[in-house]
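To start, the structure itself, in structure tokens.
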Amino acid sequence: MNFGQLLTAMVTPFNEQGEIDFNETTNLVNHLIENGSDGLVVAGTTGESPTLTSEEKLALFRHVVKVVDGRVSIIAGTGSNNTKASIEFTKKVEEIGVDGVMIVAPYYNKPNQKGLYEHFKAIAAETSLPVMIYNIPGRTSVNMTAETIIELSKIKNIVSVKESSGDLDQMSEIIEHAEEGFTLYSGDDGLALPVLSIGGQGVISVASHVVGSEMKQMIKLYSEGQIQKAASLHRKLLPVMNELFKHPNPIPVKAALALDSIKVGSVRLPLVPVDDEACQSISQCLEDFRLQVK
């Protein structure tokens, strides 16, 4: 399924009291759409989902659906390591009007491949919404194999995967053998262009918060066959992408947005803001990039 090519894993704006700031959420959504996002992934890891209550997530989804008003796709993060709870929460979200749900591979309890398959199968069976698998072994400690993802692609409403294994061989195998119409997105900004080159659909990006228009341009250049220009822009973007992951996500990107006067606030514990030195490094990196692409 095609949710677009450049999707942003959206941060959750907080006010000074640490509560969701809905006014700034409106501003952020409009900023992302204006800067090239084809879709928004809401309340994923970048949205600090582990520290959001179910009630906060539902309120956030309702607000984003209202603000987006059909302009781009919305994918809601509804997964957890509790299959039954994921089903119940996904059912609640289904009534809100999102375009799909993203279900993360279960973390901490370390299921085997059979367990992973049954987890996703059980959730998909209880919703009519399109389901995106989220494979991120760096956070879950378990890699979903190509074989497992290919088998899941045979389930009608499991339509896509956000692949954050970093393994292009695995991604190539998924793209080659998954059911027709099943799409693969890079979960890593730095692999956006390589994933397009092997037949992937696009990227679910963090960097697009601050360099969205340039990432959109890179994808457009590639799609038009201007491979060298796309590759050149990719190489210029890479330092920014790397800078935004020198500290736990989404700490650096929230700092970067503040530098651009987009007031998304701080992060919730157990995350803590970057120090002045790191903030200066982010600022310098963005300044260097913008000078390069002028």
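The values are calculated or read from the model by the stated rules, or taken from the named source; none is laboratory data. Here the structure is a predicted model, which means the values were calculated and not measured. When we count neighbours, we look across all protein chains shown, and the Cβ atoms used for this are built from the backbone with ideal geometry, even at glycine. In case anyone asks, the SASA skips ligands and DNA or RNA and just uses the protein heavy atoms, side chains included. Shrake-Rupley method; radii C 1.70, N 1.55, O 1.52, S 1.80 Å.
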Task: Relative contact order (%) - the chain, alpha-carbon pairs under 8 angstrom, separation at least six - done: 19
Open item on the list: Using the Cα centre of region 6-226 as origin and beta-carbon charges of +1 (Lys, Arg) and -1 (Asp, Glu), tell me which of Ala122, Phe182, Val104 is placed farthest towards the positive end of the dipole.
Closed with: Ala122
- [ ] Order the peptides 182-193, 20-31 from the highest to the lowest mean number of other Cβ atoms within 10 Å of their residues.
- [x] 182-193, 20-31
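Heavy atoms only, probe 1.4 angstrom, no DNA, RNA or ligands counted: give me Ile75, Ile198, Ile96 ranked by accessible area, highest first.
Details: Ile75 0, Ile198 55, Ile96 30 Å².
Greatest to least solvent exposure: Ile198, Ile96, Ile75.
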TODO: Leaving ligands, DNA and RNA out of it, work out the accessible area of His119 with a 1.4 Å probe and give it in Å² to the nearest 10.
DONE: 10
TODO: May I ask what percent, to the nearest 5, of DSSP beta bridges between residues of the chain are antiparallel?
DONE: 5
Open item on the list: Can you give me the C-alpha center-to-center distance between region 204-279 and region 159-178, rounded to a whole angstrom?
Closed with: 23
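So how strong a dipole does region 6-226 carry about its Cα centre when Lys and Arg Cβ are +1 and Asp and Glu Cβ are -1, to the nearest 20 debye?
Values: 16 positive and 29 negative charges, 89 e Å.
Charge dipole of region 6-226: 420 debye, to the nearest 20.
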Open item on the list: About the Cα centre, and with charges only on the beta carbon of Lys, Arg (+1) and Asp, Glu (-1), how big is the dipole of region 12-129? Nearest 20 debye, please.
Closed with: 580
Task: Charge dipole (debye, nearest 20) of region 189-294; +1 at Cβ of Lys and Arg, -1 at Cβ of Asp and Glu - done: 320
Task: Inter-part distance where region 92-114 and region 9-50 are each reduced to a Cα centre, Å - done: 19
